[in-house]
Amino acid sequence: MGRRDDGFRALNRRQLFALVSALGAGGAILRPRLLLGQPGVPRPASGPVHALAMHGEPAYGPDFQHLAYVDPQAPKGGELRLADLGGFDSLNPFIIAGDAPAGIGLIYDTLTTQTEDEPFSQYGLLAETMAVGPNAAWVEFMLRPQARFHDGTPVTADDVVFSFETLRDQGDPHYRSYYADVTKAEITAQGAVRFTFAGENNRELPLIVGQLPVLSRRHWQGREFTKPDLAVPLGNGAYRVGKVEAGRAITYSKVADYWGRDLPINRGRFNFATIRYDYFRDMTAMLEAFKGGLTDVRIENVARLWATAYDFPAVRDGRVRKMLLPDHQPAGMQGFVFNTRRPIFADARVRQALGMTFDFEWANKTQFFGQYTRCDSYFSNSEMAAQGTPGAAELALLEPHRARLPDAVFAAAQPPPVSDGSGQDRRLLRAALAMLNEAGWTLEDGQLVGPDKTPMAFEFLLYDETFLHPVVPWVQNLARLGIAVTPRVIDPGTYKNRTNDFDFDMVLGGYPQSQSPGNEQRDFWSSAAAAVPGSRNLAGVRDPVVDALVDKVIYAESREALVTACRALDRVLRAGFYVVPNWYMASYRFAVWQRFGRPPQPALGLGFPDSWWYDAALSAKTGLPPGRQD
């Protein structure tokens, strides 16, 4: 996803783990094709193959030797020390209750894994091969016979079925949305599992089923899956849980006899002997820990800090390096999210008017040192963002719903209003007040009141004081219109509970997008997700037109059809004014103690920490204690 500000984390760690698989494969000769075909034309089965691509062909053939963007000779050993905010009280990342630690996904392997130099291709990991039925009506995975859990027991087809059914029925609610069209998982032969789908031609579903993390049925037998606790779970990935300091720190240790260490897909990856996360209560403490050499790497999300806080001795003498690493992924949308379940935000005109009062140009100039671009789409920084007036293909999707849509959907797509950069653009404030008057709100005795004389007032919920920097000036602008907004900073755990229950008026939220949007859009926007606690439909969108367009995205028959459907969905969402658009930066701000080697950055991703390695000679020059070695 695009780099955003300011300290913002669009998804909680469980959601990120579920939606983003590991990395992928490299090298190549024969390239099996997942046929696209045309609507209504039957497509043949595909497989068994080593990889699947969303559209077109996988980049790497069955004889690849390693990823193109890793060093297969990378040294092994050393320690990587990272930081996170808040704390953790559970080691189960798959449930809504509790807060799992960063990095816990390292202990689990998935059926397939994704590359960082392709838009969306999945290569076999636990699964050696996969086959897709005619019209993508099912997908079948054949497990590698050598796949093992950390206790040496084999990964079986029964474990795969157990994992799917457990996550769907007892896991975080987004699993139900993500796998809504999977009707059945069944063992078809020794080591083989078939997933059958409710419909046909969902081109993404075979690939995202491959992202399923596989749990041990035997380990979980007799345990309460939905109860958060700190019992160490049994994994099958390259790392296992090492030392746990509840709420304070967690260490992951490389598995010496990891079953997949010699797979071509893994060569040059998982190079650190240990990866440690230390937890801090606020962003300031995290930064000071990095400056003091207690943590190794910092991805800076605060523009002000990037511009002002990195003039310390280790930067000046070269022991710490500042880097801007390109981010080629779509930026999606970050914004101040209205909870439309609240009556105060039920009218789109009210939401539009409030958004007009946010002065991005002033904030970018005075707070963000000019580092950002305004989010102008739910697919910002990509070809999927709607531009101009709808073309013929978009109109074909939109016209059947014209009676339910505002005229703006069929006009030229409009970016957020541009201010004069003064911080209180009177022209936009007057226009916002006029729109509020049109919606029934009037200014009386310095207060904006509704038809029933109830003042307009709401709470903006935050989990870190860093976010106050852009929020407070906006709150001051709203006060000029007689609107009382109370920013409230609460601890991350309480914040998570309240957002899970949709117990808020407004929050800072985000909708990250990939190169191939698909089934996750249901969790973002669908009417069904709006009623499910813990879903990412924070705005409470309940619109049958949005539901229909989300299905068009999911069932797109080609890349062209996918782009068209995303643009149509983008127009409808933008016309709904569900967020006050924020900003993005198409690069990562990286500050690194010079202790590591790294290969060239992959085309679409970051490659961190998967393909980096500890360099003992470089580390010695920093004056820091040596990292742990194998």
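Here are the numbers:
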{"item": "Qualifying residues in segment 361-415 (those that are of a type in the set (Gly, Ala, Ser) and closer than 25 Å to Tyr588 by Cβ) - the one surrounded by the fewest Cβ atoms within 10 Å (Cβ to Cβ)", "result": "Gly370"}
{"item": "Residue within segment 512-533 that is among the β-branched types (Val, Ile, Thr), at pLDDT below 95, surrounded by fewer than 23 Cβ atoms within 10 Å (Cβ to Cβ) and more than 24 Å from Arg571 (Cβ to Cβ) present", "result": "yes"}
{"item": "Near pairs, Cβ below 8 angstrom, 6+ apart or cross-chain, from segment 567-590 (more than 18 Å from Ala353 (Cβ to Cβ)) to any residue that is in a strand (DSSP E or B) and of a type in the set (Ser, Thr, Tyr)", "result": "Trp583/Thr373; Tyr584/Thr373; Tyr584/Ser380; Met585/Thr373; Ala586/Thr373"}
{"item": "Hey, Ala396 without any contact (Cβ under 8 Å) to a residue 24 or more places away in the chain and under 33 Å from the mean Cα position of the chain (by Cα) or not", "result": "yes"}
{"item": "Some residue of segment 381-391 being of a type in the set (Ser, Thr, Tyr), at pLDDT 95 or above and more than 21 Å from Phe345 (Cα to Cα)", "result": "yes"}
{"item": "One residue from Leu448, Leu461 being aliphatic (A, V, I, L, M), surrounded by 15 or more Cβ atoms within 10 Å (Cβ to Cβ) and within 33 Å of the chain's Cα centre (by Cα)", "result": "Leu461"}
{"item": "Segment 287-308 - residue that is among the aliphatic types (A, V, I, L, M) and at pLDDT 95 or above and, of those, farthest from Thr466 (Cα to Cα)", "result": "Leu294"}
{"item": "Pairs where the first residue, in segment 300-316, is of a type in the set (Phe, Trp, Tyr) and the second is surrounded by fewer than 15 Cβ atoms within 10 Å (Cβ to Cβ), C-beta under 9 Å, 6+ apart", "result": "Trp306/Lys322; Trp306/Phe369; Tyr310/Lys322"}
{"item": "Scan of segment 100-140 for residues that are polar (S, T, N, Q) and either outside the structural domain of Phe225 (by TED's automatic domain parsing) or not in a strand (DSSP E or B) (or both), ordered by number", "result": "Thr115, Asn135"}
{"item": "Residue that is surrounded by the most Cβ atoms within 10 Å (Cβ to Cβ) [pool: residues in segment 115-140 that are within 30 Å of Asp327 (Cβ to Cβ) and hydroxyl-bearing (Ser, Thr, Tyr)]", "result": "Tyr123"}
{"item": "Condition met for Tyr69 (in a loop (DSSP other than H, G, I, E, B) and buried (at least 21 other Cβ atoms within 10 Å of the Cβ))", "result": "yes"}
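A quick yes/no check of all residues on (1) of a type in the set (Asp, Glu); (2) in contact with a Pro (Cβ under 9 Å, 6 or more places away or on another chain); (3) more than 29 Å from His66 (Cβ to Cβ):
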| residue | (1), (2), (3) |
| --- | --- |
| Ala256 | no, no, no |
| Gly260 | no, no, no |
| Val297 | no, yes, no |
| Val302 | no, no, yes |
| Tyr310 | no, no, yes |
| Met323 | no, no, no |
| Phe336 | no, yes, yes |
| Thr340 | no, no, yes |
| Ala348 | no, yes, yes |
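Residues checked against (1) buried (at least 19 other Cβ atoms within 10 Å of the Cβ); (2) part of a helix (DSSP H, G or I):
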{"residue": "Gly242", "(1), (2)": "no, no"}
{"residue": "Gly247", "(1), (2)": "no, no"}
{"residue": "Tyr252", "(1), (2)": "yes, no"}
{"residue": "Asp257", "(1), (2)": "no, no"}
{"residue": "Arg261", "(1), (2)": "no, no"}
{"residue": "Ile265", "(1), (2)": "yes, yes"}
{"residue": "Arg269", "(1), (2)": "yes, no"}
{"residue": "Ile275", "(1), (2)": "yes, no"}
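The values are calculated or read from the model by the stated rules, or taken from the named source; none is laboratory data. Since the structure is predicted, the reported quantities are computational estimates derived from the model, not experimental observations. Using ideal geometry, Cβ is built from the backbone for each residue, glycine included, and neighbour counts are taken over all protein chains shown.
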